[in-house]
1. Within the chain, which DSSP H helices have Cα atoms that stretch 15 Å or more along the helix axis and a mean Kyte-Doolittle hydropathy of at least 1.0?
2. With viscosity set to 1.306 mPa s and temperature to 10 °C, compute the Stokes-Einstein D of the chain, Rh being the Kirkwood radius across alpha carbon pairs; µm²/s, no decimals.
3. If you average the alpha carbon positions of the stretch 230-287 and of the stretch 83-101, how far apart do those two centres end up, in angstrom?
4. Computed over the Cα atoms of the stretch 44-184, what is the convex hull's projected area averaged over all directions, in nm²?
5. Can you tell me the FRET efficiency between ASP268 and LYS91 if r is taken as the Cβ-Cβ distance and R0 is 30 Å, rounded to the nearest 0.05?
6. In deg cm²/dmol, rounded to 500, what helix-only [θ] at 222 nm does the chain give when every DSSP H run of at least 4 residues adds -39500 (n - 2.57) and the total is split over its residues?
7. To the nearest 20 debye, what is the magnitude of the charge dipole of the stretch 30-146 about its Cα centre, counting +1 on the Cβ of each Lys and Arg and -1 on the Cβ of each Asp and Glu?
8. Which value, in Å², gives the accessible area per residue of the chain when a 1.4 Å probe is used on the protein heavy atoms?
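The values are calculated or read from the model by the stated rules, or taken from the named source; none is laboratory data. Keep in mind that this is a model prediction, so the values were computed, not measured. Heads up, the Cβs are rebuilt from the backbone with ideal geometry, glycines too, and the neighbour counts pull from every protein chain shown. When the accessible area is computed, the model is the full protein with side chains, heavy atoms only, and any ligands, DNA or RNA have been set aside. Shrake-Rupley method; radii C 1.70, N 1.55, O 1.52, S 1.80 Å.
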Amino acid sequence: MSEAQSTTRPVFREGGTNPYVPMPATVIEVITETPAIKTFRVVLQDELAMRAFHFEPGQVGQLSMFGVGESTFVINSPPTRMEYLQFSVMKAGENTAALHTLEPGDTVGVRAPLGNAFPYETMKGKDIVFIGGGIGMAPLRTLLLFMLDNRKDYGAIRLLYGARSPQDMAFSAELPEWLSREDLETVLTIDREAEGWEHKVGLIPNVLLEMAPSPKNSVAVTCGPPIMIKFTLQALEKLGFTKEQTFTTLEKRMKCGVGICGRCNIGDKYVCIDGPVFSMAQLKELPNEL
Ligand SMILES: Cc1cc2nc3c(=O)[nH]c(=O)nc-3n(C[C@H](O)[C@H](O)[C@H](O)COP(=O)(O)OP(=O)(O)OC[C@H]3O[C@@H](n4cnc5c(N)ncnc54)[C@H](O)[C@@H]3O)c2cc1C
Ligand code: FES
């Protein structure tokens, strides 16, 4: 298995041909995850478009604040739960700061789905190891929940999720359920001791080595800050995971999201249509431009 799922072209409003026109969506819920991250649950205002909306785990969308800008976020609710589309936004600059002002009832623009998906079909029957750091947990959440909703299709599922401190851990409302599930092994870690913390303390790659998942019939999916990814990949290699067994999702900056503007290319690949999901074997073939 060396290829990420083939590209799904974006689906836009019925009858619409302009790939730059966002679909208006209503924010139905805002969750403050951490001081820097908010989660937005949105529904497309066109009910037919919402019902027809189809995407696969790993695909992203562009969220626009009218008059401010547009930026890319993974759809982190799974396609098995279509009551709303969920995006988690870490404050980085102008557009994300504007998105953080959204409240239930407000309108936001959505262009989605964009990009490719995790190869969840070829992962069937395999053991899965998720390794997420910080906001990098967002794309993993989509695939994790999708697999839990199709539990019998997959082998053992293990999740290692790390953040700097307990306060920086997103999706905290879901963690008790993930920790208590018998069909999911969840390990949480933070960088330094904190009062009241009952889980692991240590950097993600070190905790991964302690967990020592077997590479046999396994797939590793990782996402997080570049420094975490670098050492996590080294740890996976030490454990015997090959580049074909390891997947990640890139955050190279995008503009059009549909393979036209050339903003997101790495060598001859466009992150917006050939990615954002790549196997490490695919990334190895690309020039070192990240
Ligand atoms: C495929 C993909 C999926 C993404 N998924 C998520 C997600 O689920 N949640 C989330 O919070 N963010 C995600 N991002 C990153 C997000 O798109 C950027 O943080 C956002 O565009 C910043 O917009 P801004 O106008 O607020 O910041 P800007 O003013 O544009 O930039 C502020 C700072 O953030 C840096 N920055 C901007 N864009 C990126 C980027 N793409 N990668 C790394 N650094 C960047 C800039 O260099 C600058 O230092 C994703 C990006 C991509 C390409
Ligand atoms: S963002 Fe325009 S080509 Fe990828």
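1. Values: long enough: 137-149 (17 Å, 1.32); 226-239 (20 Å, 0.70).
Membrane-span-like by this rule: 137-149.
2. Value of D from the Cα-based Kirkwood radius: 82 µm²/s.
3. So the separation of the two Cα centres works out to 23 Å.
4. Dividing the Cα hull surface by four gives the mean projection, 9.3 nm².
5. Details: r = 33 Å, r/R0 = 1.11.
Once the sixth-power term is evaluated, E becomes 0.35.
6. That comes out to -5500 deg cm²/dmol.
7. In total the dipole reaches around 280 debye.
8. Normalised by residue count, the accessible surface of the chain is 46 Å².
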